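The values are calculated or read from the model by the stated rules, or taken from the named source; none is laboratory data. Since this is a predicted model, take the numbers as computed values, not measurements. Virtual Cβ from ideal backbone geometry, glycine too; neighbours counted across all protein chains shown. Only protein heavy atoms, including side chains, enter the accessible area calculation; ligands, DNA and RNA are left aside. Shrake-Rupley method; radii C 1.70, N 1.55, O 1.52, S 1.80 Å.
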Amino acid sequence: FLAFVGMAVLFVAISVWFSWRPETEANDEFVAAIKNGEFIPYYQPVIDIETGKLRGCEVLMRWKRPNGDVISPGQFMSYAESRGHIYDMTRHIMTQSCEEMGQFYSERPDLKLSINLFAGHFLDREIISDIKGAFENSNISFQQIVVEVTERHPLSDLDLARKIIAELQALGVRVALDDVGTGHGGMAYLQKLGIDIIKVDKMFIDTIGTDDNTSTIVDSLVELADNLGMGIIAEGVETEEQVQRLLELGVTAAQGYRFAPPMPAREYLAYAEDLEEK
Ligand code: C2E
Ligand code: CA
Ligand code: CA
Ligand code: CA
């Protein structure tokens, strides 16, 4: 009997070792990467398509490995969120973008800097102190900050989310609803959360020139934004045809490969300078 128990214990110990240890190692490696500063901001310009001028940018996270590989959020973001690392990473990305953009943004108070948050950030008021910690007494003012909340994942406590958003707005921060048209929130989010800006998902932009239904949907979103006093930004704009169609529909702000991909700080600053000279 003792031999049996011994075998059983050994068996359990070995399976725990095998299932748990690699997982811990992967997590240790991830934490080390955070500490090493391997998660960095890229910047994608947002363009005023009526004037061709720069409106600002969206900050998009990248994992830059020591070997030079640059990894996109699709490959690490859900892990970072489920493990709770995203809070540290977001603080880090905000501080870094403040360091890299502070000088330029202090000279250009009209420019916006848009930060992506995830659903968990709207379950804890700590995000307010995180944003204050990064931007208070910095070269970037709260009036220049936009935070994006995605419609893709449900917000489990709408009342708390509303309170957090209202406190951020009281500082001067604006709040954008990301991926509009794809997710859970829809009209309820727009109404309940007090959103300032809606970002029309790429899905709609893709077929805007070729599909009448899409044009009708975007047209309705423009009208809704107008009536509610919200701004509107088109995402994932890739062709000049889409730009022209958006202008016809009354959308004046856009981002996408038609203008520029997300890029490191120095390239974004050079891009902004080039636009000024045009
Ligand atoms: P998102 O917020 O909807 O960001 C837009 C995505 O579309 C970005 O992908 C961007 O590179 C890509 N994109 C921009 N223009 C075009 C275009 O013209 N065509 C196409 N095909 N794609 C375009 P990215 O950078 O891979 O980010 C993916 C998602 O990861 C983001 O989607 C966002 O939800 C999330 N994410 C990125 N950075 C952060 C972050 O710092 N915090 C959080 N919580 N999420 C982030
Ligand atoms: Ca976004
Ligand atoms: Ca989006
Ligand atoms: Ca209309």
(message) Taking the criterion of being outside any helix (DSSP H, G or I) and closer than 27 Å to I49 by Cα, would at least one residue in region 163-172 satisfy it?
(response) yes
(request) Check whether at least one residue in region 147-156 is away from ligand 2 (no atom under 15 Å from the Cβ), within 22 Å of D110 (Cβ to Cβ) and either of a type in the set (K, R) or modelled with pLDDT of 95 or more (or both), and report yes or no. (result) no
(request) Please work out which one of (1) in a helix (DSSP H, G or I); (2) open to solvent by 70 Å² or more (accessible area, probe 1.4 Å); (3) within 16 Å of ligand 1 (Cβ to nearest atom); (4) farther than 25 Å from I93 by Cα is the condition N227 fails and give its number. (result) (3)
(request) Please verify whether region 122-138 includes one or more residues that are touching a Gly at 6+ places or on another chain (Cβ under 8 Å) and within 16 Å of ligand 1 (Cβ to nearest atom). (result) no
(message) So for region 162-171 (the condition being within 12 Å of ligand 3 (Cβ to nearest atom) and buried (at least 20 other Cβ atoms within 10 Å of the Cβ)), does at least one residue qualify?
(response) no
(request) Look through region 70-109, keep the residues that are free of Cβ contacts under 8 Å to residues at least 12 places away in the same chain, within 15 Å of F30 (Cβ to Cβ) and open to solvent by 40 Å² or more (accessible area, probe 1.4 Å), and return whichever of them is farthest from ligand 3 (Cβ to nearest atom). (result) S82
(request) Find the residue count for region 32-52, including only residues that are surrounded by 11 or more Cβ atoms within 10 Å (Cβ to Cβ) and at positive phi. (result) 0
(message) Let me confirm something: among I115, I145, which residue is on the phi < 0 side of the Ramachandran plot, open to solvent by less than 10 Å² (accessible area, probe 1.4 Å) and away from ligand 3 (no atom under 16 Å from the Cβ)?
(response) I145
(message) Can you tell me which condition V251 does not meet? The list is (1) in contact (Cβ under 8 Å) with a residue 60 or more places away in the chain; (2) open to solvent by 20 Å² or more (accessible area, probe 1.4 Å); (3) within 16 Å of ligand 3 (Cβ to nearest atom), and all the others hold.
(response) (2)
